[in-house]
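Data first, discussion second: the structure below is written as structure tokens.
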Amino acid sequence: MASVGLSRVLEPVGVLPQAAWRLDARAEVGPDEVRVRVERLNLDAASFRQLAGKHGGDGAAVRAEVLEIVRTRGKMHNPVTGSGGMLIGVVEEVGPQSPLPVKVGDRVATLVSLTLTPLVIDDALAGWDGRGEQVPASGHAILFGRSVVAVLPDDLAPELALAVFDVCGAPALTDRVVRGYVAAGRPVSVAVLGGAGKSGSLALTAARLAGARTAAVVVSDAERDALVSAGLADHVAVSDARDPVAVSSAVTGALGAPATVTVVCVDVPGCEHGAILSTADGGTVIFFSMATSFPAAALGAEGLAADVTMLVGNGYVPGHAEFALDVVRRTPAVRALFEARVSAD
């Protein structure tokens with residue numbers, strides 16, 4: 001089972017790298033491993049929000065905690081949120097038995113979480129102010145035979161491609177679910193909670209391209225205005241996704257009925273029950289937020305007698321990277337939103 005990285009697990013022994021507390025991040029590669037020279041990390045939204053909130057926006061303190069997490073755990077695995085992010089870099093060495101489609105010198109993005117990626121930082125993150133999700137960095141990371149990786153495209157800035165790759169599972173799975181309903185001859189409406197964010201804007205666009213009517217729920221007038229200006233949703237409503245009754249009313253008011261598919265892309269806890277209430281019987285809820293409490297979702301659906309299918313967006317759908325890039329290339333308004341976010345970071 002070397003292809004899944006078991007030899008890199010230091011404690012507790014016997015678990016897979018994602019579940020491990022600490023990994024061996026030595027630079028020497030095994031026969032089926034790949035070493036990447038790190039250029040930039042992309043912290044996932046839930047993790048960065050938690051760290052920034054904990055330290056009151058003190059960038060130096062956020063930077064120090066990220067360094068400490070990586071130093072003690074051998075990976076970027078936030079112990080509070082359980083999430084990490086991803087990275088871009090250049091392939092330095094490829095083991096002779098590696099099945100990954102990369103070669104030395106390729107500039108790549110990892111499409112697996114930093115929570116299972118052995119990682120060493122050697123520049124103390126000196127180029128990062130601790131105030132954004134994208135983190136200039138120097139160091140090395142190790143990929144396993146079962147890892148997923150993509151060579152960076154030539155037509156997009158690396159920072160933009162990294163931001164897209166970070167959430168590329170969301171539009172691909174949304175597309176798959178919507179097309180399943182369409183193939184069954186059912187009209188489809190999709191509500192996206194957190195529709196102005198990276199995963200939310202991509203999920204909205206993928207749903208519309210697949211033939212669904214769409215509604216976005218956002219937290220502020222500014223986010224509503226940005227989405228309306230971009231024209232990415234048929235309807236946009238402002239509501240706190242943590243308020244079940246309010247968000248359900250917002251979705252029903254926008255679409256005229258509960259949504260066939262509700263996609264949760266909000267990076268704060270407490271959005272499970274609103275998503276369930278917003279979804280029609282026989283519909284589907286897709287949870288893409290790492291802030292989701294899955295016991296709350298399961299028990300909430302049971303308590304509401306809600307006949308809905310609930311999916312965990314695990315970040316991987318075959319072809320998800322190219323699918324997400326295609327959505328960005330085909331939709332200038334989505335690209336503009338991503339470029340604005342990358343610039344702000």
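Of all positions in the stretch 299-312, at least one carries a residue that is closer than 19 Å to ALA210 by Cα and outside any helix (DSSP H, G or I). When the residues of the stretch 313-345 are filtered to those that are hydroxyl-bearing (Ser, Thr, Tyr) and touching a residue at least 12 places away in the same chain (Cβ under 8 Å), the one that is farthest from SER113 (Cα to Cα) is THR331.
Looking at this structure, is LEU119 farther than 17 Å from LEU325 by Cα and surrounded by 24 or more Cβ atoms within 10 Å (Cβ to Cβ)? Yes, satisfied.
Among the residues of the stretch 255-277, write down those that are more than 24 Å from ASP44 (Cβ to Cβ) and open to solvent by less than 20 Å² (accessible area, probe 1.4 Å).
Our first condition is that a residue be more than 24 Å from ASP44 (Cβ to Cβ); within the stretch 255-277, this holds for 255-260, 277.
Those that are more than 24 Å from ASP44 (Cβ to Cβ) and open to solvent by less than 20 Å² (accessible area, probe 1.4 Å): LEU255, ALA259, THR260.
Looking at the stretch 165-179, can you tell me whether even one residue there is touching a Lys or Arg at 6+ places or on another chain (Cβ under 9 Å), at pLDDT below 95 and farther than 14 Å from PHE323 by Cα? Checking the stretch 165-179: not a single residue is touching a Lys or Arg at 6+ places or on another chain (Cβ under 9 Å), at pLDDT below 95 and farther than 14 Å from PHE323 by Cα. Looking across the stretch 278-307, the residues that are over 28 Å from VAL80 (Cβ atoms), small (Gly, Ala, Ser) and exposed (fewer than 15 other Cβ atoms within 10 Å of the Cβ) come down to GLY282, ALA305. Going by the structure shown, is ALA291 touching a Pro at 6+ places or on another chain (Cβ under 7 Å) and either among the charged types (D, E, K, R) or under 21 Å from VAL182 (Cα atoms) (or both)? So ALA291 does not fit the description; no. Note on the stretch 52-80: among residues that are among the β-branched types (Val, Ile, Thr) and surrounded by 17 or more Cβ atoms within 10 Å (Cβ to Cβ), the one that is nearest to THR117 (Cα to Cα) is VAL70. ASP24: in contact (Cβ under 8 Å) with a residue 12 or more places away in the chain and in contact with a Leu (Cβ under 7 Å, 6 or more places away or on another chain), yes or no? For ASP24, the condition - in contact (Cβ under 8 Å) with a residue 12 or more places away in the chain and in contact with a Leu (Cβ under 7 Å, 6 or more places away or on another chain) - is met. Residues that are part of a helix (DSSP H, G or I), out of contact with any Cys (no Cβ under 6 Å at 6 or more places or on another chain) and small (Gly, Ala, Ser) within the stretch 177-202 comprise GLY180, ALA183, SER201, listed in sequence order.
Among the residues of the stretch 86-105, is any open to solvent by 10 Å² or more (accessible area, probe 1.4 Å), in contact with an Asp or Glu (Cβ under 6 Å, 6 or more places away or on another chain) and touching a residue at least 12 places away in the same chain (Cβ under 8 Å)? Working first, answer last.
Going through the stretch 86-105, the residues open to solvent by 10 Å² or more (accessible area, probe 1.4 Å) turn out to be 90, 92-94, 96-105.
Keeping just the survivors that are in contact with an Asp or Glu (Cβ under 6 Å, 6 or more places away or on another chain) gives 97-98.
Narrowing further to those that are touching a residue at least 12 places away in the same chain (Cβ under 8 Å): 97-98.
Taking every residue of the stretch 86-105 in turn, at least one turns out to be open to solvent by 10 Å² or more (accessible area, probe 1.4 Å), in contact with an Asp or Glu (Cβ under 6 Å, 6 or more places away or on another chain) and touching a residue at least 12 places away in the same chain (Cβ under 8 Å).
The values are calculated or read from the model by the stated rules, or taken from the named source; none is laboratory data. Because the structure is a prediction, the values reported are computed rather than measured. Please note: Cβ atoms are built from the backbone with ideal geometry, for glycine as well, and neighbour counts cover all protein chains shown. Quick note on the areas: whole protein, heavy atoms, side chains included, nothing else; ligands and nucleic acids left out. Shrake-Rupley method; radii C 1.70, N 1.55, O 1.52, S 1.80 Å.
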